[in-house]
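Trainee: Let me begin by handing over the structure; questions about it come next.
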């Protein structure tokens, strides 16, 4: 069975990322205005941090498969716990700082999934009406390494 690696969604800039972008712009303007070489060096360091956060966050979410295990029967209006298993199919690179989100429900958090291994987390959900339902799609979200950009990948399964 082929693993489901999910669908990549657009990333977004976080509040610390906006602050860093503002610092970045101020450094560029002050370096150009004063001609100080030290400001150019600091600018290069800030630019490098912003530039490296793009591929690092994307690589952290690549080749991850998600499986969810939920109880067979649950009651309306009563929260239930289900297990989320994250499988890392990469050979060398671990997945770091993964947040599990599902439509309006408290999710889970996994700090580290080694390459070629899996990790699990618990999450909860609550159905408000009676009937046969599937769990809504879940998202794996990471802001690794610096928290400036947040990337997510959506997973759908038949649970």
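Trainee: What do you get for Rg/Rh over the chain if you use C-alpha atoms and the Kirkwood form of Rh?
Mentor: Checking Rg against Rh, the ratio lands at 1.13.
Trainee: Next question, about the same structure. To test your reading of the geometry: what angle, between 0 and 90 degrees and rounded to tens, separates the Cα axis of helix 15-34 from the longest principal axis of the chain?
Mentor: The angle comes out at about 10 degrees.
Trainee: On a C-alpha basis, how far is the centre of region 11-35 from the centre of region 85-159 in Å? Whole number, if you could?
Mentor: Each part's Cα centre sits 31 Å from the other's.
Values in this text are rule-based calculations from the coordinates and carry no lab data. The shown structure was predicted, so the numbers you read here are calculated from the model rather than taken from an experiment.
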